[in-house]
Every structure is written in structure tokens, then in C-alpha cells.
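The next block holds one structure in the form of C-alpha cells; read it before the comments.
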Amino acid sequence: MHDPNWEPRIVAFFCNWCTYTAADLAGVSRLKYAPNVRIVRLMCSGRVDPQFILAALAGGADGVLIGGCHIGDCHYAEGNLKTLRRFRLLKRLLAGFGLEEPRVRLEWISAAEGDKVRCVINEMVEQLRPLGPLAWGQRHGAQGWQAASAAITPEAEAAHA
Amino acid sequence: MPKPKVAIYWCASCGGCEEAVVDLAEDILGILDAVDIVFWPVAMDFKKSDVAALPDQALFATLLNGAIRTSDQEEMARLLRRKSRHLVAYGACASLGGVPGLANQFSREQLLRFAYDEAPTLGADRKTRPALETRHNGHPLVLPELDETVRSLDQVVEVDYYLPGCPPTPKLTQAALLALLSDNPPPRGSVLAPDIALCDECPRKASKPQDLSFSEFKRPHQMMIDAEKCLLAQGLVCCGPATRGGCGAQCIGGNMPCTGCFGPTSRVRDQGAKILSSLCANVAAKDETAIQRTLDGIPDPLGTFYRYALPRSILRRSGYAAAETTPK
Amino acid sequence: MNTNSRNGDIRIGFYICHCGRNIAGVVDCAAVAGEIAKLPGVVVSRDYKYMCSEPGQELIQDDIRERALNRVVVASCSPLLHEHTFRNAIEAGGLNRFFFQMVNIREHDSWVHTDGPAATAKAIALARAAVRRVRLHCALETVRAPIHPDVLVVGGGITGIHAALTLANGGKKVFLVEREPSIGGHMAKFDKTFPTLDCAACILTPKMSAVRAHENIRLWTNSEVVKVEGYVGNYTVTVRRRPRYVNEELCVGCQECIEACVFKEGKFPDEFNVGLSKRKPIYIPFPQAVPQVVLIDRERCLHFKTGKCKRTCVEACADRHAIDFTQKEELVEIKVGNIIVATGFKLFDAGRIPQYGYGRYPNVVTSIELERLVTSSGPTGGDVLLRDGRSPKSVAFILCVGSRDFRTNRWCSRTCCMHSMKLAQLVREHTDAEVTVFYLDIRAPGKGCEEFYDKSLKEGIRFVRGRVAEVTDWALREEEEGKLVIRAEDTLAGVVRRIPVDMIVLAVGMEPQADAQDVRRLFNMSCGTEGWFLEKHPKLAPVSTFTDGVFIAGCCQGPKDIPDSIAQAGAAAAEAMALIDRGFIEQEPNTAYIAEAECSGCKSCIPLCPYKAIGFDEPTRKARINAALCKGCGTCVAACPSGSIRQHLFEDDEIFSEIEGVLTHA
């Protein structure tokens, strides 16, 4: 199967004003949560291009978490609404790709909800554990993968070898 | 001085790209003045052994269309790569994987099972899986092996140029050949079509509103399509904004929305993701139920957004987790 | 040397901060520096105790000069804290400030993980991502935009008043918008203030008059903000001015119209006296109201309700004609550069704790009701009386009603101990009742407050420590007949007591205003978990919000007393003045831009921008972005189907490289 020491790796896209700040608050409050997340900071969840989510999944992430402001609270009025609509259709698309449901998640986390950051991350890590590594590049048999792909760098290849 | 040699070959394709060359009509004479076609299975009687006998790089250019999805096609792609100075991925299938690429939604086993075991038209006595090797009248017969995954040409060998389209237009084909033959060929790796989305040349551009907002999505068979108005404005999924231009907007001219065959611009890594992103951003609904209802108007996002580009998308093919369902 | 070099020689300096033990206690900083040193382009990789300090910054500046660095990455705390600091340092070192990327390995790593190796691996992954990303950065310039010099202050309590006066004295034009018909807020209802027992009205009313008289203050009462558009330096605010049906310019406050009203006596609950007295439909909120202008309650006035009224008020005002029944609501648009929100608090509804009997027993009152009773201009002329007019012989104060209570509000309302003791002393002054205070802890932190507590003890006020379980009128013994009995555990004595009293005063806590969520959305602010408006940083920026140009002050930010409210009002005014006097605001250049050659004119982006920064240029038939209006959210960038819109500082390539960077290491 897979390496018994394997830990789920989650790439998170957090919006600057709410979710990133909430994650800072979790830090300031010294809350403790699983170290499996890597946060990429963007100004708004509306900046999350679905290509980023796909690149993370194809690049070795086991899960992707998108964090934005609650509906109605977006610092830029309605950026998160666009995120929500994209996410809904993306989930259907990813189901068609055979991606397990818990692997891509959208959460609205306000600047004051440091504890929610902790809960969501811990919960997501535990949901991914039984699913095992996504290892998208290795799922498809010998011919599934070539280094010519635009999304995978030679270094990423080496990491999976 | 002998004319440059050109080969045209087809892999997993429909024959449309061959048609496109034929569609050059009289202009093909001009081409034939400039080059010698030395390998074109659909039209001429040269054999693989003729190609194999050539010195490496003896071919000036090969226009290879079709995706790579069998061992035989891979072998030919590698052979033609060795023998050609310029390898051109001709058409959507070679450039992006094309429509055959949609087979990447299924595993090889699922495809074979449906075709040879479960298809409704099979009689009980016809359920035979093809074998790779058999003997008939004492002679060995070999079939190529079907790959698990459909690939674009550049996922198998290095490609010098891309001519997108399903098929590429005669005009673009001619321009590409002339450009290659000129003293100043385009930089290696170029896509020989404009690097701007179709809307730029679309005759209906002026009728597209500046406040486009989708309250529903319709499919072509569900409505009477206005012949003058922007198709997106009518609620159809038109992939024009996410697709390279250069085709002369022929589908729009035929009153049908663009389905994305020229692939994405150079700035985009995954065409389907961008179509999704743009359409969803312009959805009017602001609450979950209404959003759901609007998006239900696109029943098959994978097929709609990745009709031509699935193998070249970021995820390339489906994983097998949801796998063993029979393809419909 | 400002090298904008995507193709040239990239020379990266990497710095990881120990932050004392904050980071180094969990993350192996030397190991991280060692790993990052191996990456292509990294010319120097150091770890240091305090990167944000002078010597830390100098370390970077020296390296820029001596090692010809053209990119810098610092792994330390949150960029929300120190990105600005390091960008300044780099600029001072001669490198464009945007050739910088910061890695958060404190708030997002060492402070939230205990597993050292895992935290170190995470730090390496994040640092690697930043090193890859920073290679793609370009030189950018911050954009300056002009700032409108006027200021809007929302809320006319003591906080808003002080902020407005400070700004006005500084020469700034101020719009002071207050929802109630008069300014003064809660403080106007107080008799005396702790710990000095100053007369509240004596210290408040001069400030209220100063507001009225100040040439730089435009005072709009009976008004509220309904729309805010724009951004720091350039806000357009719509204010709804509700009709008083009395012309403010003409009314002199003689109040003869009130005398003349067909209602001979007050019939409707007087809001200022918290329902303890009655008023007529035409009234002035309280004697020292500013503006000194009468108003008519449309819901109660006979003229409005039936059309049949002798309108004696109009007759009484025959010489000035100030009454105008045709007055309409007005929507006024103003332009300001900064906004200070000082909308205050509301009091906890004591009815939510039914066991205390508020609303059931007439002699259970709230602190604010008692405040009106002890005030000489209040409904009883300053006499502390029971509902039946008798003077109480015993009064009890119950503290922490709706505060420090997991069933209602968790926070401490900060002022109740002090104002309860103040009221206790005043009760002792006005009556000779025995006073008992039931408390959990006595919090008396301010200047003179601990001494005030001593004085309360010396005056013979009793203190019983224990949360009151219930108030009942079921007498079990003779001395309890006709009284209210408090049942509480006296935790210091270790017994459960029943203490009969005549009057009970509930020290109701402070809560955010009922419409706090709507108000904060109006101003693009956030609220904390408890519902108070959220400050940018609890220690370093208590009056700023995450929206530049919008400040908060006073109790809307959290419970506090008058000195602290005034301090925050001054702080907010200073912040606003600093922005205005500087003359410009600097906008982060994270704006979206369109590569004209690439745009197909598909128009998909145009409706997406909430700031209307994207327009369609007819001649070229392409979309155009007005950088001055763009706020940098990036929504259009993600949406552009041909990838023709890009974003400075958040380019697609930069983000893809960050994603690849975090994933290429375990």
C-alpha cells in the first residue's frame, strides 16, 4: 500500500482579510492543530482560479482547502460569491474525475474564528487519512504520466519517484 | 534541387484532418509545387517500411494528426519524430488529445468491457475480447495494444509546432506550411494560430452585453437559437472566450456555439478550468438553491469543458476511485 | 540597484527569524536555513534572533549591498504584522520594496504546532515556496491617491463628540451623524460619574454645546448612514435625515409648543427616562438636548394619526412658524476621506434572566433605571423611591447580570462594578437604606477606583460574594413578608443565604448594538466572535479596522469606561488626522491589468468588478482596467477565460510556483 509514515498534505488558499487573519488569530491564541496544511495567501477567495486547485491536486497534494469570508462579508463585496459558484460546479467536475469528495473543501471563516481554522484543518486531515494519498500522478498505470505536462515540474516528478 | 519531403499521418482520429488537407482544393496544387508528399496512408500507397528506410531527419515536416492511444500509434509517432526535422501536431487530437481524449474518463477495462461484453447490440455469441495475437490459416496476426490513457502527441515525443482545430482550417494549414518553408520559420514550440480568444473575430461580438449574467444555461437542442445575437447572451455555453481564434468563427456562422476545439491561449494551463471559472463568475444567482438550479443547466461539465483538451488538462484523466461504473 | 530581472542573474537572500524562542523553540531555524541555502539562486541564507529589529534589518541591507542581492525572503511572523517593516528595510537598502516575499512560520507554524520535526518540515516547505515565487517578482511602485480632508463621525455619544471636537479643533471639517434626536448618548443619562462623582451633565454638556457651536462641525441628529461607497481617502456616504417635523433653523427651544399640546399630560413612555416617566407626542428628548430643538413623534401625534387636531402647537409657534408637518425624509450624499464609527453599546435585557424577576417584580430595576431615579432632573426629582412611592430601607445590587455568564454573555462588561458602587454610594446619600452588593469579583482597575472601593467599604456598604441564584417574593419567615428575597451562596462564609430587601438593582452588562452586524457591513468592517467591531490588532491598533480609513472608538469596540472611550476617540481622531495631513494615501500596487494585445473583448470581466474598475473601450473593442479604482481582489483575473488579465504581486505564475514549492518537499 502506501508508506505507513504518510501524512495527508493539504494546500490551502486563504483570503487575506478573513481566513488568513483567522489563522493568525489561531496562532496568537496558541491553539494547536495538525501540521499538514500549507497556506497560500491571496487577497480574496475570488482570486482562486480553479487551475490552482487542479495544479495542487496534480502536483502532489492530498487535499485542497479554500478559505474565504462568509457570504455577505467579503472585503471586496462579492468575490466569495464567485468562489462559491465556481466551487459548486468544480465539485461536480471533480466527481467526474473520480476524486473523493472530502479532498476539496470550501469553508467560510471570519477573521474572529481562529478556532474554526483549527477545527476545519483537524477535521479535514482526519477525513483524508482513511482515503490514503491522492498520488494523482501514480494512479493511472505506466503510461498515465509524462514529464511533458505543464503542471508538473521535473522537481515534482523527483519528489514522487 | 529536390523538393522538401512531407509526411501526413493519422493516429487516433476521425479522418477530418485528412479532409482538411483535401479541402485546400486548388490551393493544394501550390503546396504540391513546393513539397513532395511521401507518406499519406489515406491517399497514397507508401508504406511504413518506406519511412523507416529514410535517413533520420530526411523528412522536412510531418503533419501528424490524431491522439496517441495504441502501441502502434506510439511506435509510428516515435518513428516519424526520428525521421522528421519538424514534427507538427496537426489538429485538436494531436495538439490536445481531442475528442478521443474523452476516453480518459474511463479505464481501459471499462472501455473493453462495454465494447466487447456489454454493448446492447452484441449478441450472446459475439462476446469475444480481441486478443493481441492470433493465428489464421497458419499466419500470425497481431493487434496493437490499447493504452490505458489517451495522450496528446507532445506527451509522447517532442513536438515542434501545433496547428489546432477540429480540423484546422485550410487557410491556417496553408499559412503554416508556407511559414515553415519560409526563411523565417516561427519559434519552435509555437502554436500556429492567433493567441487571442475567438470573441476577437466573432461576428456577434457587438451584440454581447457588457453586463452578461446567467440566470440559466441552455443546450442547443432546448431552444430556437437567434441567428444574430451572441450565443452566451442567449444562455448557451459558448466556449469562445476561452478558445483561440483563427477558425473564422465557422461554428458561430453555423448558428452553433463554439465547443473549444482550438484549445486555450498560451496564458492558460487548463482550458476547462477557465471556462468553468468564467461562466460561474457570471452566474446571476446569489443563494445556494438558485446557484444549484442554474448550474444544473450544465449536466456534463467534464464533457462540455474538456471536449477536446482532456489529455492536456492538468488532471489529464480520471482516477479510478469512482471507477468501475459502466460508461453510459 | 533595482534589478528587475526575470532572465538575468537572480540573487536571493533568505532570512529566518528565531523571534526569541517564539519560533526557535519549535522550528529548527538553522536546519531550515541550511535546506534553503541549497536552492538555486539563494546566495545567502541566515538565521537570526530578531529580524524585525534594527540589527536584523541592517543584516538584510548589508547583504543587499555587499552580496548584490536582488530578491529577499524573510521567514518570521505574519506578513499582516511586518511585511511593511521589511519592505521598508529593503527599500532603504536600495532594492525595490516588492522584490520581497514573507513566510509566516510563527502564527501559522511555531505557535500552532508542537511537533518540532513536522513544524520544521512545514517551515522548509513554505520557505521553499517563497524562494521559488520571489524569483518571478517585478519592480513595482506604490500608487498615491489624494485624500479628501473631511471626516465622518458616526455616533454622537461622548466618544463621537470628543472625536469630532478634536478633529474640528485641528481644522478638519467634520460631519457628526447621530441616530437619536440629540447627541449625548448614554452618558447624558448618568447622574454622577465614577470615581470622582463628577456631575455627568456638568462635564458632558459643555462638550455638547461646543459641538453645536463649532464652525467645523456639521451636526446631523435624527439621522443615520445608509450607504458607504468608495475607499480610504475617497468615501461617498449617503445619510438619511429623518424628519422631526420641526424646522431646526427656526426652533429656539422655548418649548411653548409642548406646553400647548392638546395632550395635557405625557402619555407615552419617555425614552430618556427609560420608561419611568411619560412624555407627549411633541417633546424635547431631555432638557440639555443638543440641538435644542423639539421634535414630533409621528406614531403618536394626533395630527398624523387622525388628521383631526387643533394643532395648538402650531398656534403657540405663530411668530416663528417652526412646526412643519410636511417635512420629508432627505437622503444627502457627502464626500469624506475618513470615517470614525463610535456607535456605542446597548444594555443587556434583564428579562433574559427570568429568575431575577425583572418585569415581574416592580421593585427590581436596572442600573440605568436607578441612574434616572437618583438624578435630580429625573422622573422622581432625585428621590430613590419604590414603585409605590415609599423610600426603600434596604437596597441590593446584583452584579454581572448578563456578563461573565456562559448562558448569556461571556465577557466582563468592565464598568458595572464601579458604577454599581457609585450608585450604591448615591443611594446611601439619598436615603438611609442598607445597601448590599452581590458580586463575583470586584473589578476596580482605573485611577482612583480601588480607593473608591475602599470608600464604599468604609461607608458601610455590604459586599456578599456569590452569584445570586434567584429573586423571589415567597416569604418563608416574618421578616421576609412584603419584601424581595435574594437567594445567594455567600462563598466567603460558605453558607447559602436568604436576604430580604426592598429594592433590587441589576447591574446589566453591555452588549453590541442590536444592528451591529448591519452597521459593520455598511462600513466594510468585521466583528469579533462576541459581536464587537473588530480592531486591526488588539494591542497595536485598537482603533483601526482592516478597512483603511475606517476607525472605531468607544464601546462599539468593546466595553469600557468614559476615560478609555475618550482616549480611543482621541486616538481615532489622531489616526484620521495623520492620514489627512500626509495629503495622500499609498495604495498597494496589487492591481489587475490587461495585456491589450491579448484581450479578445469578450466582456466577461466587466460586470465582475464591485468598484466598476473595468470598462469596455469601444474604439479598440477591448476591456480596460482603471488602476486607480482597482482594489486588487483578483476576481477578474481568475475569471478571464483567455488568461488576459493579470495581477501585480499575485501573478498566475507566482502562485503556481508557490503551489509547486510547497509540494516539492515532504
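The values are calculated or read from the model by the stated rules, or taken from the named source; none is laboratory data. Treat the numbers as computed from the prediction; the structure is a model and nothing was measured. Quick reminder, even Gly has a Cβ in these numbers, built from the backbone with ideal geometry, and neighbours come from all protein chains shown. Keep in mind that these areas ignore ligands, DNA and RNA; they rest on the heavy atoms of the full protein, side chains included. Shrake-Rupley method; radii C 1.70, N 1.55, O 1.52, S 1.80 Å.
Any idea how many residues of region B:264-293 are away from chain C (no Cβ under 11 Å), in a loop (DSSP other than H, G, I, E, B) and open to solvent by less than 20 Å² (accessible area, probe 1.4 Å)? So the count comes out to 1.
One residue stands out in region C:379-406 among those that are within 31 Å of the chain's Cα centre (by Cα) and part of a loop (DSSP other than H, G, I, E, B): the one that is surrounded by the fewest Cβ atoms within 10 Å (Cβ to Cβ), namely C:PHE406. Of the helices (runs of 4 or more DSSP H) lying entirely inside region C:1-108, not one contains at least 3 residues that are of a type in the set (Lys, Arg) and outside the structural domain of C:ARG128 (by TED's automatic domain parsing). For region B:133-176, taking the residues that are closer than 25 Å to B:SER84 by Cα, within 13 Å of another protein chain (Cβ to nearest Cβ) and hydrophobic (A, V, I, L, M, F, W, C), the one that is surrounded by the most Cβ atoms within 10 Å (Cβ to Cβ) is identified as B:LEU153.
Residues that are among the small types (Gly, Ala, Ser) and more than 30 Å from C:GLU229 (Cβ to Cβ) were ranked within region A:61-81; the one that is nearest to the other protein chains (Cβ to nearest Cβ) is A:ALA61.
Selection of region C:545-556 for residues being within 13 Å of another protein chain (Cβ to nearest Cβ) and either outside any loop (DSSP other than H, G, I, E, B) or within 18 Å of C:GLY185 (Cβ to Cβ) (or both) yields only C:VAL550.
Within region A:99-106, does at least one residue satisfy the condition of being without any contact (Cβ under 8 Å) to a residue 60 or more places away in the chain, within 7 Å of another protein chain (Cβ to nearest Cβ) and within 22 Å of B:THR294 (Cα to Cα)? No, that holds for no residue. Restricting region A:82-92 to residues that are within 7 Å of another protein chain (Cβ to nearest Cβ) and in contact (Cβ under 8 Å) with a residue 24 or more places away in the chain leaves a set whose member that is surrounded by the fewest Cβ atoms within 10 Å (Cβ to Cβ) is A:LEU90.
Applying the selection to region A:8-22, what residues are within 15 Å of the chain's Cα centre (by Cα) and at the interface with chain C (Cβ under 8 Å from one of its Cβ atoms)? The answer is A:ARG9, A:VAL11, A:TYR20. Scanning region A:23-44 for residues that are more than 7 Å from chain C (Cβ to nearest Cβ) and at pLDDT below 95 returns A:LEU25, A:SER29.
Scanning region C:112-146 for residues that are open to solvent by 30 Å² or more (accessible area, probe 1.4 Å) and either assigned to a loop (DSSP other than H, G, I, E, B) or at the interface with another protein chain (Cβ under 8 Å from one of its Cβ atoms) (or both) yields C:THR114, C:ASP115, C:ARG135, C:LEU136, C:CYS138, C:ALA139, C:GLU141, C:THR142.
One line per residue, one yes/no per condition, for (1) aliphatic (A, V, I, L, M); (2) open to solvent by 50 Å² or more (accessible area, probe 1.4 Å); (3) touching a helix residue (DSSP H, G or I) at 6+ places or on another chain (Cβ under 8 Å):
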{"position": "C:LYS280", "(1), (2), (3)": "no, no, yes"}
{"position": "C:ARG298", "(1), (2), (3)": "no, yes, yes"}
{"position": "C:LYS310", "(1), (2), (3)": "no, yes, no"}
{"position": "C:GLU315", "(1), (2), (3)": "no, yes, yes"}
{"position": "C:LYS346", "(1), (2), (3)": "no, yes, no"}
{"position": "C:ALA350", "(1), (2), (3)": "yes, no, yes"}
{"position": "C:VAL365", "(1), (2), (3)": "yes, no, yes"}
{"position": "C:GLU369", "(1), (2), (3)": "no, no, no"}
{"position": "C:VAL374", "(1), (2), (3)": "yes, no, yes"}
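In region B:308-317 there is at least one residue that is outside any helix (DSSP H, G or I), facing another protein chain (nearest Cβ under 8 Å) and hydroxyl-bearing (Ser, Thr, Tyr). Residue pairs whose Cβ atoms lie under 7 Å apart, sitting 6 or more positions apart in sequence or on different chains, and linking a residue in region B:50-61 that is closer than 11 Å to B:LEU79 by Cβ to a partner that is open to solvent by 80 Å² or more (accessible area, probe 1.4 Å), are B:ASP56/B:ARG82; B:LEU59/B:ARG85. Of all the listed residues (B:GLY91, B:GLY123, B:GLY101), the sole one being in contact with a Lys or Arg (Cβ under 9 Å, 6 or more places away or on another chain) and either open to solvent by less than 20 Å² (accessible area, probe 1.4 Å) or without any contact (Cβ under 8 Å) to a residue 24 or more places away in the chain (or both) is B:GLY101. Condition test on A:GLN127, is it open to solvent by 40 Å² or more (accessible area, probe 1.4 Å), modelled with pLDDT under 95, away from chain C (no Cβ under 11 Å) and closer than 24 Å to A:ASP3 by Cβ? Spelling it out, it is not the case that A:GLN127 is open to solvent by 40 Å² or more (accessible area, probe 1.4 Å), modelled with pLDDT under 95, away from chain C (no Cβ under 11 Å) and closer than 24 Å to A:ASP3 by Cβ. Scanning region A:108-122 for any residue that is in contact with a Cys (Cβ under 9 Å, 6 or more places away or on another chain), open to solvent by 10 Å² or more (accessible area, probe 1.4 Å) and closer than 23 Å to C:GLY634 by Cα turns up at least one such residue. Step by step: first the residues of region C:515-527, then only those that are surrounded by 19 or more Cβ atoms within 10 Å (Cβ to Cβ) and part of a loop (DSSP other than H, G, I, E, B), then the one that is nearest to the other protein chains (Cβ to nearest Cβ). Which residue is that? Per the stated criteria, the residue is C:SER526. B:GLU324 falls short on exactly one of the conditions (1) at pLDDT 95 or above; (2) open to solvent by 10 Å² or more (accessible area, probe 1.4 Å); (3) of a type in the set (Asp, Glu), and that condition is (1).
Name the strands (runs of 3 or more DSSP E) wholly inside region C:229-347 in which the number of residues that are under 19 Å from C:PRO181 (Cα atoms) and of a type outside the set (S, T, N, Q) is 3 or more.
Those strands (runs of 3 or more DSSP E) span C:234-241, C:330-336.
Of the residues making up region B:61-102, those that are of a type in the set (D, E, K, R) and not in a strand (DSSP E or B) are B:ASP72, B:GLU74, B:GLU75, B:ARG78, B:ARG81, B:ARG82, B:LYS83. Checked against (1) away from chain C (no Cβ under 14 Å); (2) among the small types (Gly, Ala, Ser); (3) touching a residue at least 60 places away in the same chain (Cβ under 8 Å), B:GLY253 passes all but a single condition, namely (3).
When residues in region C:72-94 are screened for being open to solvent by less than 10 Å² (accessible area, probe 1.4 Å) and hydroxyl-bearing (Ser, Thr, Tyr), 2 of them pass.
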